[in-house]
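One structure is given here, and the rest of the page talks about it.
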Amino acid sequence: MNGFWYKLLVGSSWIFGSWFFALIARIIATGYFLFSRNVPESRRFYAALYPEQSKLYHLWCTFQQYQHFTTIHFDRLLLNSSHNVDFTSQGWENLEAVIGKQGGILLMSHLGNWEMAATLLKRQKADLRLLLYMGVKEKEGVERIQKEDLRRSGVTIIGVDQEENAAFSAVEGIRFLQSGGLVSLTGDRLWRHDQRRLRVTFLGHDAYIPEAPFIFALVSGSPLFAFFTFRTGKSYTFTLSDPLTVQAQSRQDRAAALNRAAQHYADLLEQALRQHPFEWYHFERFLY
């Protein structure tokens, strides 16, 4: 959906109510389910998650995935209204221990609502210094609105072009960490075909995730936190894993240290996925 139609839908919801937004969003999601080229990939993913189930069940899971995706946009509507968002946190004390000191790296995933996660972090601590690395697409509609909303909430955003080298922005992120801030990086999606990656085991398959977050942790000495936010009824819960450090005794041990950390994150991601299977919003190939 491009930005114009999204803004029109949001404007209509102020007239007819939030139910109108939810209804139209679900109709649009059904259209994507029926015609998107990514549906076979989702069916393949759910076949790996539920190998004992039938193909029809995997198709039903895919339909649920597309329908659940509409809650991300509905949540944004609530955040931009006067609606009071109730939430609880788990593991906040782990993160608070590094804020203003060695900093911390948040591993955001396409599982649950990462945008809500970033917003709730700011509500938990208003003066929190948070930097997000986000991919830049050639044509941005809703994504541009998403970035603008986050900037207004006080989040610093660095756009990562899919075709350009991001060495300079990486240096900025390391400095941000060294000053005690929090840096958020995507843990489960590759933005460029030549991006450095790490192989992990996920649902019994090979999967490839970005190397950058783990390099950041190795270079800066800052711990990593897997960060998830899920809707529980009308409230939200964000959870932070225990801190994960990436340490290497020598240059020869670096590759093994990176791989250990990456697999640990993949295990946490798989555990969260099994608890919230329809909130997997990674529609492109992940398993190989």
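The values are calculated or read from the model by the stated rules, or taken from the named source; none is laboratory data. What you see is a predicted model; the values in this text were computed from it and never measured. Methodologically, a virtual Cβ is constructed for each residue, glycine included, from the backbone with ideal geometry; neighbour enumeration extends over all protein chains shown.
See the values below:
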{"read-out": "ALA261 of a type in the set (Gly, Ala, Ser) and either under 13 Å from the mean Cα position of the chain (by Cα) or at pLDDT 95 or above (or both)", "value": "yes"}
{"read-out": "Residue, surrounded by the most Cβ atoms within 10 Å (Cβ to Cβ), within segment 203-225, restricted to residues that are closer than 18 Å to LEU287 by Cβ and over 17 Å from the mean Cα position of the chain (by Cα)", "value": "LEU203"}
{"read-out": "Helices (runs of 4 or more DSSP H) completely within segment 31-138 that count 2 or more residues being over 16 Å from the mean Cα position of the chain (by Cα) and at pLDDT below 90", "value": "55-79, 92-96, 114-124"}
